[in-house]
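K.L.:
Sharing a structure here in C-alpha cells format.
Values quoted throughout were computed directly from the atomic coordinates according to the rules given, and no laboratory measurement underlies them. Everything numeric in this text was worked out from a predicted model, so none of it was measured. Heads up, the Cβs are rebuilt from the backbone with ideal geometry, glycines too, and the neighbour counts pull from every protein chain shown.
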C-alpha cells in the first residue's frame, strides 16, 4: 500500500481579505476519500529588529482571534504571492516601528499551521537601524517597545509571549548570533 494522498478536487468556499478557505476532497492511501479543510495564504515576512544596544524592537497590538493584545516581532503579509519577502520585511519594519535599515539578512523560514494552512513566513534580521517614521495602516493600532533578549526569553517561558513566529525568531536569533 502506498502512503500517497491524492487531491481529487479543491472547492473555494470563502475568500477573505488575507486568506481563502477551501474544501479539498482527497483520496487516502487505503483508497477511501475524505474531505479536508485548507486555508490558502499569500505568505508573510517579519524581522528581528536589533537596536545598537542589543535590545529587540517588539510591537504590541490587539489580535481579534485571541481577543487580547500580543507582543510580536514586526511582520506583515505579502502584497502579492510573488513579492520578495526581503522587501516585505523591510517595509513592515519601517511601517510598524518607524525604523529602517539598509541591509537585512535572512534568518529563518517557518510554516505557521501545517495541518490546514500553507502560510509561510520568512524572517530576517535587521541591524544598524536608523530612526524614520512609522506608517501604520488605517486599521493598525500598535505600540513599539524595546526589550532585552533575557526579558523576551523570560516572557516566552512564562507563557506571556505566545506568538509562534516571534518565539521561533527570538530563539533562532539567540542561537545563531548571540554568543
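K.L.:
Starting from the Cα-Cα distance between residue 157 and residue 27, subtract it from 0.36 nm times their residue separation and give me the gain in nm to one decimal. Each step should come with its number before you reach the end.
P.N.:
Working: separation 130, 0.36 × 130 = 46.80 nm, distance 4.10 nm.
Working it through step by step, the gained length comes to 42.7 nm.
K.L.:
Give, in nm to one decimal, the length gained when the segment between residue 7 and residue 178 is fully stretched (0.36 nm per residue of separation minus the Cα-Cα distance).
P.N.:
Length gained, residue 7 through residue 178: 57.2 nm.
K.L.:
If I build a Gaussian network model for the chain, linking alpha-carbon pairs within less than 10 angstrom, which residue out of 45, 89, 146 has the largest mean-square fluctuation?
P.N.:
Among 45, 89, 146, the largest GNM mean-square fluctuation belongs to 146.
K.L.:
How long is the gain from residue 79 to residue 150 if the chain were fully straight, where each residue apart is worth 0.36 nm and the alpha carbon distance is subtracted?
P.N.:
In short, 22.2 nm is gained.
K.L.:
Something else about it: From the Cα gyration tensor of the range 98-140, with a ≥ b ≥ c the square roots of its eigenvalues, which class applies: rounded if a/c is under 1.5, or else prolate if a/b is larger than b/c, or else oblate?
P.N.:
oblate
K.L.:
Which shape class applies to the range 86-179: rounded if a/c is under 1.5, otherwise prolate when a/b exceeds b/c and oblate if not, where a ≥ b ≥ c are the square roots of the Cα gyration tensor eigenvalues?
P.N.:
Values: a/c = 1.34, a/b = 1.19, b/c = 1.13.
Rounded, because the longest to shortest axis ratio a/c is under 1.5.
K.L.:
Also, quick follow-up: Kindly put 122, 137 in sequence by how many other C-beta atoms sit within 10 Å of each C-beta, fewest to most.
P.N.:
Values: 122 20, 137 9.
Result, fewest neighbours first: 137, 122.
K.L.:
Ratio of the range 12-138's C-alpha Rg to 2.2 N^0.38 Å, to two decimals?
P.N.:
Relative to the rule-of-thumb radius for its length, the range 12-138 sits at 1.26.
K.L.:
What is the range 124-179 by shape, rounded, prolate or oblate, if you read a ≥ b ≥ c off the alpha carbon gyration tensor as root eigenvalues and call it rounded for a/c under 1.5, prolate for a/b larger than b/c, and oblate otherwise?
P.N.:
oblate
K.L.:
Summing -39500 (n - 2.57) over the DSSP H runs of n ≥ 4 in the chain and dividing by its residue number, what mean residue ellipticity at 222 nm do you reach, to the nearest 500 deg cm²/dmol?
P.N.:
Result for the chain: -6500 deg cm²/dmol, rounded to the nearest 500.
K.L.:
If one takes the longest principal axis of the Cα atoms in the chain, at what angle in degrees, from 0 to 90 and to the nearest 10, does the Cα axis of helix 149-158 lie?
P.N.:
For helix 149-158, the angle is close to 40 degrees.
K.L.:
Quick one: 47, 101, 14, 117, fewest Cβ neighbours within 10 Å first, how do they rank?
P.N.:
14, 117, 101, 47
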